[in-house]
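Q: Can you read through this structure? Questions will come right after.
The values are calculated or read from the model by the stated rules, or taken from the named source; none is laboratory data. The structure presented is a predicted model; accordingly, all values stated were derived computationally and were not measured. With ideal geometry, Cβ positions are generated from the backbone for all residues, glycine too; neighbour counts draw on all protein chains shown.
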């Protein structure tokens with residue numbers, strides 16, 4: 001019974017640590033700021049279980065304080081709040097760094113559909129030749 005309890009505790013702890021990693025990774029992206037801001041973009045990078053901000057002003061580490069709220073530390077001091085839409089997807093960031101407030105939007109990567117595999121039912125290859133190609137009788 002003790003072994004079962006111990007295994008259950010280990011399983012729960014490992015699941016929670018995986019979930020924490022997944023939630024931090026969702027913040028990693030490039031955020032663009034309006035023209036005239038002190039920075040034009042900030043990259044949020046997930047590395048070795050932690051997040052950092054990288055911009056033309058340098059690199060700062062950030063630590064989570066609450067849902068979507070982070071403290072920005074070393075060398076710049078402030079806060080970062082990630083903004084979500086109705087679908088709970090992160091769409092932007094609001095930052096208060098050294099007394100300056102800026103708001104940016106998350107850059108969405110366009111998916112290149114030209115390199116995606118074509119489903120077999122939409123393929124230009126005639127399916128009537130497929131059985132003979134798969135068997136040795138066609139040779």
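Q: Only one of (1) over 17 Å from residue 91 (Cα atoms); (2) buried (at least 16 other Cβ atoms within 10 Å of the Cβ); (3) free of Cβ contacts under 8 Å to residues at least 60 places away in the same chain fails for residue 54. Which number is that?
A: Checking residue 54 against (1) over 17 Å from residue 91 (Cα atoms); (2) buried (at least 16 other Cβ atoms within 10 Å of the Cβ); (3) free of Cβ contacts under 8 Å to residues at least 60 places away in the same chain, the one that fails is (2).
Q: I've got another one for you. Give the residue that is surrounded by the most Cβ atoms within 10 Å (Cβ to Cβ), with candidates limited to residues of the stretch 75-99 that are free of Cβ contacts under 8 Å to residues at least 24 places away in the same chain, closer than 14 Å to residue 53 by Cα and over 16 Å from the mean Cα position of the chain (by Cα).
A: Among those that are free of Cβ contacts under 8 Å to residues at least 24 places away in the same chain, closer than 14 Å to residue 53 by Cα and over 16 Å from the mean Cα position of the chain (by Cα), it is 78.
Q: Can you tell which of 21, 5 is within 25 Å of residue 109 (Cβ to Cβ), exposed (fewer than 13 other Cβ atoms within 10 Å of the Cβ) and modelled with pLDDT under 90?
A: Exactly one of 21, 5 is within 25 Å of residue 109 (Cβ to Cβ), exposed (fewer than 13 other Cβ atoms within 10 Å of the Cβ) and modelled with pLDDT under 90, namely 21.
Q: Let me ask something else about it. Among the residues of the stretch 100-110 satisfying the criterion of being part of a loop (DSSP other than H, G, I, E, B) and without any contact (Cβ under 8 Å) to a residue 12 or more places away in the chain, which is surrounded by the fewest Cβ atoms within 10 Å (Cβ to Cβ)?
A: So the residue we want is 110.
Q: Filter the stretch 57-74 down to the residues that are on the phi < 0 side of the Ramachandran plot and part of a loop (DSSP other than H, G, I, E, B), then identify the one that is surrounded by the fewest Cβ atoms within 10 Å (Cβ to Cβ).
A: 67
Q: Could you tell me which numbered condition residue 39 fails, if it satisfies all but one of (1) closer than 15 Å to residue 98 by Cα; (2) more than 18 Å from the chain's Cα centre (by Cα); (3) not in a loop (DSSP other than H, G, I, E, B)?
A: Condition (3) is where residue 39 drops out.
Q: Another question, if that's okay. For the stretch 100-113, enumerate the residues that are under 18 Å from the mean Cα position of the chain (by Cα) and at pLDDT 90 or above.
A: 104, 105, 106, 107
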